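In what follows, a structure is listed as structure tokens, so that the remarks can point back to it.
The values are calculated or read from the model by the stated rules, or taken from the named source; none is laboratory data. Here the structure is a predicted model, which is why all the values come from computation and not from measurement. Because the Cβ atoms are built from the backbone with ideal geometry, glycine has one as well, and the counts that use them run over all protein chains shown. Just the protein is used for accessible areas: all its heavy atoms, side chains included, with ligands, DNA and RNA removed. Shrake-Rupley method; radii C 1.70, N 1.55, O 1.52, S 1.80 Å.
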Amino acid sequence: MILIEVLLLPDERTRHIYERIDEKTAQLPWFVREYVDKKMRTMSPRSLLNYCHDYLIFFDWLIAEGFCQGPRTDIPLECLENLTPQSIENFLSYLQFRLQNDKFTINRKLSSLKSLFNYLQNVAETSDLKPYLIRNVMAKIAFNKIKEDQETVAQKMAGKILWNDEYESFRQFVARDYREIIKNNKKLLNFHTLNAERDTAIVSLILGSGLRLSEIVGLDLHDVDFQKRMVRVIRKGNKEQYVFFSEQAGLDLTDYLAVRQKKYNVAASNQALFVSASMGPKGTTGRLSARAIENLVKKYAVAFGKPSLSVHKLRHSFATRYQAENNDIPKLRRQLGHSAIQTTMIYTHLSNDELKRAVDHMDDHFKGPNNKEWD
């Protein structure tokens, strides 16, 4: 499935996900299909697909445990009405002990069920204006309490960001090496030829500054100061700030701006730094959207072999590298635009090589003469 999505453009990937949603909802009761249809407008297709998967597991469990009879598609609302809190707790135990789901995954699946049941009780109405469900058992079920320290959060993040040589490898992949993967697909190859400088500049700027997605989207041409290597951004709370970017990001931005007008035929009135290709014979070039930037980063990340990468993970990658090389939390806090220094402190846990070395050398204290271990 990942290989298929690598070869699809963002709009094609979205259509492919919706096709998979249709396949799964066709196997679910009518009221679940109705709920999913209502959520199409407000939820991302990927989240909806996860919800559908959760519902299949839940309804299969109901049938296996004898709460409902017949095929999954014929399960009536009355079956949900008669569930008890204990039966739901049994289902959560099934997720934990039989399916080996961790507490985060169980909470996510519980959240999808709570959303469905809330819709059936508080949103959906019959023809005589009565709710589908009078009694909502999910409202009585609490989420797992999960409390993590910064060390735990940091280590979970560690496997999802770029390290060491991966920074430049990923940048080079976006700029050039991605073409090797798509060389036999003329449409994708032409698309990359058009957007290579722009996409490289975006990735390079995030890796060289730690800017947020919204800040990247909002940049205009006059916000970039190449002499000082700074960009003017509007941060959370509508605060104006000037943020430094790396020398490499400056070079990649220069390369992009050299082709911006010619490749995208941008109107003089369009001051957006990053623009989209015009669509159709009369299409106009506009500011590149947040969703488009998310999709292009995800496209390269999957093809690069690190599908967990996202715009936010690139920001984390910058912060981790900055902290490892400079060890200056106050400056990093300002660079990232964090309001609380506790948020920035997480990066001190991502590159604590001294602690690792100390643990690695612990065995030395338990060895006697001639390097023999004590009994």
Residue check for I202: among the hydrophobic types (A, V, I, L, M, F, W, C) and farther than 20 Å from F274 by Cα: no
Every residue from the range 23-73 that is touching a residue at least 40 places away in the same chain (Cβ under 8 Å) and either on the phi > 0 side of the Ramachandran plot or in contact with an Asp or Glu (Cβ under 6 Å, 6 or more places away or on another chain) (or both): none
Residues satisfying the stated conditions in the range 160-171, i.e. open to solvent by less than 50 Å² (accessible area, probe 1.4 Å) and of a type outside the set (S, T, Y): I161, L162, F170, R171
Options L77, L83; residue that is hydrophobic (A, V, I, L, M, F, W, C), closer than 20 Å to A26 by Cβ and touching a residue at least 24 places away in the same chain (Cβ under 8 Å): L77
Residue list for the range 33-69, filter: over 30 Å from R291 (Cβ atoms), open to solvent by less than 50 Å² (accessible area, probe 1.4 Å) and not in a helix (DSSP H, G or I): G66, C68
Looking only at the range 291-336, and only at residues there that are crowded, with 21+ Cβ neighbours inside 10 Å and among the basic types (K, R), the one that is farthest from the chain's Cα centre (by Cα): R321
Count - residues of the range 23-32 that are in a loop (DSSP other than H, G, I, E, B) and more than 19 Å from Y132 (Cβ to Cβ): 2
Which numbered condition N295 misses (of (1) part of a helix (DSSP H, G or I); (2) out of contact with any Pro (no Cβ under 7 Å at 6 or more places or on another chain)): (2)
Failed item, numbered, when V123 is tested on (1) open to solvent by 50 Å² or more (accessible area, probe 1.4 Å); (2) within 30 Å of D199 (Cα to Cα); (3) at pLDDT 90 or above: (2)
